[in-house]
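Contents: one structure, followed by commentary.
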Amino acid sequence: MSDEQPVGHLGSNGEDVPNAHYVRTGEHTFRTTVHTQGAWSPLEQHMAASSGLLVHEIERNHPREDVLPVRFSFDILGFIAGGEIEVHTRVLRPGKTIELLEATMSSGGRDCIRLSLWRLKTSDTQDVAGGEIEPLTPLEECEPLDMSEVWDGGFIGSLEGRVARAPRPGSGAGWLRIGNDIVAGEQSSNTARFISAVDSANGLAPRVEIGPWAFPNVDLSIHMFRAPVSAWVGLDVNVEFGGDGVGLTHSELFDEQGPVGRVAQALTVRRMG
């Protein structure tokens, strides 16, 4: 794969494609499908799909039932090209009660995403559980949402959505769920499927018109205080732009049982044309 001619997604040219974001081609290698296609470029992967794969691979390669993932820090290191990719994982800081893991996606010999993931040992704290996050409108009370009316790309086109609060520029709330498997023929956890939709927060309530402006995120930072129980992701989103080309999307994070945590995305805001 070269910078000038990125390899396209499986299914981009009309060939049969599974209902999955990725097809495994080896122990650490994959081929993207059109269902990973990003909103900013048809040759790019959507960060949401990529993030789900990295979590899936950490759970597959380093399984532990006695720990809870509490912080997912994704850094986008370059163009996330579709086509042939590799994912490698490792334990950076082993421990019985606290551990730090890493997953890296590469394309054409270049790293494009790095995930740093903290996991903590679980214990019984039900007697002090609670918080101050305001609830989101329940899923069953929300009207359908079609993000493909605003955004292009195979990933957005495959999302299921509901409107939890009528959007205005820079603020909105909704429910999202991926419509495909992460890896063809492989089971994924609720957490991996949940994470696969979270990066879509940046597109849920655009602050400015898409086209004259672009505002891709350079990272994705998720903090969770409990494991999600379903693949539906609730997002209560606000977007701020500064006056120097930088912005921030930040969201409260929910599943069908209530608050789960928070997510933030640093944005590079660009005037196009």
Qualifying residue in the stretch 80-92 (condition: open to solvent by less than 40 Å² (accessible area, probe 1.4 Å) and at positive phi): yes
Test: residue in the stretch 200-218 that is open to solvent by less than 50 Å² (accessible area, probe 1.4 Å) and under 30 Å from Asp124 (Cβ atoms): no
So Leu136, is it under 21 Å from Arg71 (Cα atoms) and of a type in the set (A, V, I, L, M): no
Strands (runs of 3 or more DSSP E) completely within the stretch 31-147 that count 3 or more residues being within 17 Å of the chain's Cα centre (by Cα) and under 20 Å from Ala192 (Cβ atoms): 67-76, 98-107, 110-121
Test: residue in the stretch 177-186 that is charged (D, E, K, R), crowded, with 22+ Cβ neighbours inside 10 Å and not in a strand (DSSP E or B): no
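The values are calculated or read from the model by the stated rules, or taken from the named source; none is laboratory data. What you see is a predicted model, and the numbers here were worked out from it, not measured in a lab. Because the Cβ atoms are built from the backbone with ideal geometry, glycine has one as well, and the counts that use them run over all protein chains shown. The protein model used for the area step is the full one, side chains on, heavy atoms only, and it has no ligands, DNA or RNA in it. Shrake-Rupley method; radii C 1.70, N 1.55, O 1.52, S 1.80 Å.
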